[in-house]
Amino acid sequence: MSLNFKGAFDMYSIKKIADRITSFDDAAWNDAEIAEITHENWIKCSEKISTIGRLLYSDYGIHIKMETDEKPLLARQTVQNSDVYRDSCMELFIRPNENDKRYLNFEFNPFGTMYLAIRTSSYDGEFPKNDREYFEVKSYVNEEKWVLQFTIPFEFIDEAFGTHTDTMYANLFKCGDETPHEHYISYSPVKSEVMDFHQSEFFAKFILE
């Protein structure tokens, strides 16, 4: 099934690694392609915020690492599926099965508080019961940056989507609706006047190598 797709200004390659990643300083991250999250959507941020993402995959699942130098950080939400987008927030939306229009909606604040839904748009959503421990969420903040790491097991993807495909569609976001410097920044630009990240036609192509 072919779905409309407007977003891929280029293609991100997710490299395969031999072993599952469990730490921030795993040497495998050095070989990951860097996704620069630089496109300011709808408004111009009053301060420059540098954010990058890295993705790798193993037989276990897809490993994601994101980091930002946003200052000051805002973190208030502590309950899963609360409004973490109002805090300093890093996000991944990913369609792991190219024949299924649904996508995984992951959002995190600096506490590592997770929001997770399966959606086709901002107007619908299923909320899996899996918690942050299942996705091995790690988050730390120092004077220089905030770093986030998590893993999406293929077991979870295949149960929710039937299977996963080598071609996926995704976008990475940095936002903060109520931070001192309101911002809506993405890896693949959202070329729409509608102020909404949940427009999967603008996702970029992500390929499992």
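The values are calculated or read from the model by the stated rules, or taken from the named source; none is laboratory data. Owing to the predicted nature of the structure, the values given are computational and were not obtained by experimental measurement. Quick reminder, even Gly has a Cβ in these numbers, built from the backbone with ideal geometry, and neighbours come from all protein chains shown. Just so you know, the surface numbers come from the protein's heavy atoms only, side chains and all, with ligands and any DNA or RNA stripped out. Shrake-Rupley method; radii C 1.70, N 1.55, O 1.52, S 1.80 Å.
With of a type outside the set (Gly, Ala, Ser), assigned to a loop (DSSP other than H, G, I, E, B) and closer than 20 Å to residue 66 by Cα as the only criterion, which of 134, 140, 169, 184 stands out? Full working, then the answer.
Working: 140 fails: assigned to a loop (DSSP other than H, G, I, E, B); 169 fails: assigned to a loop (DSSP other than H, G, I, E, B); 184 fails: assigned to a loop (DSSP other than H, G, I, E, B).
None of the other options fit; the residue is 134.
If you filter region 82-106 down to residues that are without any contact (Cβ under 8 Å) to a residue 60 or more places away in the chain and open to solvent by less than 30 Å² (accessible area, probe 1.4 Å), you find that the one that is nearest to residue 207 (Cα to Cα) is 104.
Can you find even one residue in region 70-81 that is open to solvent by 10 Å² or more (accessible area, probe 1.4 Å) and closer than 15 Å to residue 149 by Cβ? No, that holds for no residue.
When the residues of region 117-130 are filtered to those that are in a loop (DSSP other than H, G, I, E, B) and open to solvent by less than 70 Å² (accessible area, probe 1.4 Å), which remaining residue is nearest to residue 150 (Cα to Cα)? Ranking the qualifying residues of region 117-130, first place goes to 130. Quick one: which of 113, 151 is crowded, with 20+ Cβ neighbours inside 10 Å, more than 17 Å from residue 60 (Cα to Cα) and within 17 Å of the chain's Cα centre (by Cα)? Only one candidate qualifies: 113.
Cβ separations smaller than 6 Å between residues 6+ apart or across chains give the following pairs from region 176-205 residues that are among the β-branched types (Val, Ile, Thr) to residues that are assigned to a strand (DSSP E or B): 185/40; 185/174. Among the candidates 99, 130, 109, 81, the residue that is within 18 Å of residue 169 (Cα to Cα) and of a type outside the set (Lys, Arg) is uniquely 99. When residue 88 is tested against the conditions (1) out of contact with any Leu (no Cβ under 7 Å at 6 or more places or on another chain); (2) over 30 Å from residue 159 (Cβ atoms), the lone failure is (1).
Within region 25-34, is there a residue that is in contact (Cβ under 8 Å) with a residue 40 or more places away in the chain and either surrounded by 15 or more Cβ atoms within 10 Å (Cβ to Cβ) or under 25 Å from residue 177 (Cβ atoms) (or both)?
Taking every residue of region 25-34 in turn, none turns out to be in contact (Cβ under 8 Å) with a residue 40 or more places away in the chain and either surrounded by 15 or more Cβ atoms within 10 Å (Cβ to Cβ) or under 25 Å from residue 177 (Cβ atoms) (or both).
Kindly evaluate residue 134 against the criterion of being within 23 Å of residue 36 (Cβ to Cβ) and either surrounded by 13 or more Cβ atoms within 10 Å (Cβ to Cβ) or in contact with a helix residue (DSSP H, G or I) (Cβ under 9 Å, 6 or more places away or on another chain) (or both). So residue 134 fails the test.
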